[in-house]
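Novice: Starting off with a structure, shown below.
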Amino acid sequence: MTTPGAGEARLRRELAAVYRLVAHFRMTDLIFTHISARLPGPDHHFLINPYGLLFEEITASNLVKIDLSGQPVGESEYPVNPAGFVIHSAIHAARADAHCVLHTHTRAGCAVAAQKDGLLPVNQISMEFHDRVGYHDYEGVALNLDEQERLVEDLGAHPAMILRNHGLLTVGRTPAEAFLRMYYLERACEIQVSAQAGGMALVLPDPKVAELTARQLTGTDTASDFHDEDAYAMAWAALLRLLDRIAPDYRH
């Protein structure tokens, strides 16, 4: 096996960290769903999980390099699931900023994906995604390439998408960004389902307030007196320290 270059080695560690964090925060679906990352360079190569391994078994070295069709590049002792890359490949190909694509089938995410009104601004966490989530109607298991165009169109320029009757998806310029978006999208869904379970009418903020909050939380608001530009970087560093304590083998 060819030794990866410095850029690939770094990306392997970052993506392996995301797999372990998804496992730690109980967002996996056993061996199913994927997190993919585009490798630097002109070859349109990607890293993805070996098919058959639990997310808690993923390491930097056992991630599989694939091409845009989901086929392995070079030698690997592990198989891949090309069908599972249908959603990912479409988004990678269409969005230059989607270096990492993360997809989950969590209980809360699937519950909100089954709701007609989708994600509601029931909490400050939810408002990060106000008018910033795409919706894609269910067409069956994503095994057909002709669905890709509709997936891309429905995602648009959003950082996240709810796949109706299916699950959640986030994209990011880095694995860290995609993970943190998913972490908070998942929390937003959990809060919504819990609030709805109370059986009382929900209090929703004025749409203008929700939009302001979204700008504040995404760093695009210019009117606020304070800005926390380093928040995501510090959160990611804290998560890596967590992994170094509980699962340091992800780096290997």
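Novice: Just one of the numbered conditions (1) among the small types (Gly, Ala, Ser); (2) at pLDDT below 90; (3) in contact with a helix residue (DSSP H, G or I) (Cβ under 6 Å, 6 or more places away or on another chain) is not true of Ala108; which one?
Specialist: (2)
Novice: A further question on this structure: From the list Asn165, Asn144, which one is on the phi > 0 side of the Ramachandran plot and either acidic (Asp, Glu) or surrounded by fewer than 17 Cβ atoms within 10 Å (Cβ to Cβ) (or both)?
Specialist: None of the others qualify; the one that does is Asn165.
Novice: Got at least one residue in the stretch 210-224 being among the polar types (S, T, N, Q), closer than 27 Å to Ala98 by Cβ and touching a residue at least 40 places away in the same chain (Cβ under 8 Å)?
Specialist: Yes - at least one qualifying residue is present in the stretch 210-224.
Novice: Additional query: Of all residues in the stretch 1-38, count the ones that are of a type in the set (S, T, N, Q) and at pLDDT below 95.
Specialist: Matching residues across the stretch 1-38 total 3.
Novice: Given the conditions (1) in a strand (DSSP E or B); (2) within 27 Å of Glu14 (Cβ to Cβ), and given that Tyr135 satisfies all but one, which numbered condition is not satisfied?
Specialist: (2)
Novice: Within the stretch 197-252, how many residues are surrounded by 11 or more Cβ atoms within 10 Å (Cβ to Cβ) and of a type in the set (Asp, Glu)?
Specialist: Residues flagged as surrounded by 11 or more Cβ atoms within 10 Å (Cβ to Cβ) and of a type in the set (Asp, Glu) within the stretch 197-252 amount to 5.
Novice: Take Ala60 and tell me if it is in contact (Cβ under 8 Å) with a residue 12 or more places away in the chain, of a type outside the set (Val, Ile, Thr) and farther than 27 Å from Gly134 by Cα.
Specialist: Criteria met by Ala60.
Novice: If you scan the stretch 173-227, which residues turn out to be at pLDDT 95 or above and of a type in the set (D, E, K, R)?
Specialist: Listed by number, the residues that qualify are Arg173, Glu177, Arg181, Glu186, Arg187, Glu190, Asp206, Lys208, Glu211.
Novice: Take Tyr138 and decide whether it is out of contact with any His (no Cβ under 6 Å at 6 or more places or on another chain) and closer than 20 Å to Gly167 by Cβ.
Specialist: no
The values are calculated or read from the model by the stated rules, or taken from the named source; none is laboratory data. Here the structure is a predicted model, which means the values were calculated and not measured. Please note: Cβ atoms are built from the backbone with ideal geometry, for glycine as well, and neighbour counts cover all protein chains shown.
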